[in-house]
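The values are calculated or read from the model by the stated rules, or taken from the named source; none is laboratory data. Small disclaimer: the values here were computed from a predicted structure and weren't measured. Reconstructed Cβ throughout: ideal geometry from the backbone, glycine too, with neighbour counts over all protein chains shown.
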Amino acid sequence: MLAAVFSSCLGVGLIIGFEPPLIAIVLSRMGSTNFLIGTVIAVSLVAVMIVGPLYPFAIARLGLRRSVVVGVAALGLILLAMPVSVSAPAWIVLRVLTGCALGLSWIASEIWMNTVSGESSRGAVMGIYGAVFSAGTAAGSALLEFTGTRGAMPFVIGAVCLALTLAPLMALPKAAMGSGDADTEAVARSAKQSLRALLACLPAAPVVMLAAATAGLVESAEISLLPLYGLHEGLDERSALLLLTVFLTGNVALQLPIGLLADRYGRRRLLAVCAAASAIGPLLLPNVIGLPLLLWPLLFVWGGTLYAFYAQGIALLGREFPVAALADANTVFVMIYCVGGVIGPSLGGLALDAWPHRGLPVLVASAAAVLLAGLAVGATRR
């Protein structure tokens, strides 16, 4: 059953890696400004934040499996609609709808994984989830190499690939659903709570929510600006893009080992180790940018530890909150992650402009250091 859920998570990652660069290239070819392109891309995360309080109600109404299926299927239909009217205003509307559908399948799949994974294996399950999600993101970017960016064909192929990721989930017999649908009743009870219930999740697990904000900020800043940082440091375009490739490869490869270690030694402890590594790694980047033998291992390890903020943060949700509160808690977690994702590129750009050589690394390292401090304070209180 988990394999089927992971397949749908692959689809969510695919759309995140496929649609934004496709939009950016098409709109740039049409003469749109960088600001307008950024607005079109970012509006989907804003939609997730705005619609966030409604997701628990929708998940309670549809159930976990149907929520995932409806969300991913809607993403495919939106992709098919995009070449019908190729303009920034039309695409802003479609990106808002993308955010709404993305959030539904995103949150439902994470609730599902938390409910069916036991406490002893939750870190490993979320590590696999992080790796699968990242693999989907990388696959989405790579898919553009084959589809190109002209005409309707990229959108059609992207929609077909999304549909394929749903096949295992659609084929899953109802008898094999396990606690996924059984816990939907508990999710439904949670969904009947008011917005006050969502806000109550913040003080209930402040360190977990801090992990969400940090993950959103640093991930979005690095994905958006790491190649640009490489260009500023004198790398050619291919080498600058390779920085991000190695960074994401570390994310895919290290999530499962980190998850297994988290199950054995404790999630908070492993999260603290990852935060420390992500606070030190960026500060070393300017000194090794011209030394490939040191640069690639640094990016690989740093990328893997940084992305553990999200995966192990989700695993901690399953420990900190009962099943009946998971819908609210997971929704708040994703909303806070999206807040970080919206502001991360802007803060990173300002840092890069103000201090070209070290601004971006210092910003990312500082965010990880704040998370490390929060974990230390939380451990003292516990």
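Looking across the stretch 288-309, the residues that are modelled with pLDDT of 85 or more and surrounded by 24 or more Cβ atoms within 10 Å (Cβ to Cβ) come down to L299, W302, G303, G304, T305, L306, A308, F309. When the stretch 204-255 is limited to residues that are among the small types (G, A, S) and not in a helix (DSSP H, G or I), the one that is surrounded by the fewest Cβ atoms within 10 Å (Cβ to Cβ) turns out to be G234. Pairing each residue of the stretch 31-60 that is over 22 Å from E110 (Cβ atoms) with any residue that is surrounded by fewer than 20 Cβ atoms within 10 Å (Cβ to Cβ) and at pLDDT 85 or above, provided the two are 6+ apart or on different chains, yields C-beta distances under 6 Å for S32/A88; L36/A88; V40/A88; V40/I92; V43/I92; V43/V96. Looking across R267, R382, R319, one residue alone is within 25 Å of R122 (Cα to Cα), surrounded by 18 or more Cβ atoms within 10 Å (Cβ to Cβ), among the basic types (K, R) and at pLDDT below 95. It is R267. Here the condition is being at pLDDT below 85, touching a helix residue (DSSP H, G or I) at 6+ places or on another chain (Cβ under 9 Å), buried (at least 20 other Cβ atoms within 10 Å of the Cβ) and small (G, A, S); of G340, G349, G344, it holds for G344 alone. One residue stands out among those in the stretch 73-96 that are at pLDDT below 90 and hydrophobic (A, V, I, L, M, F, W, C): the one that is farthest from V323 (Cα to Cα), which is V86.
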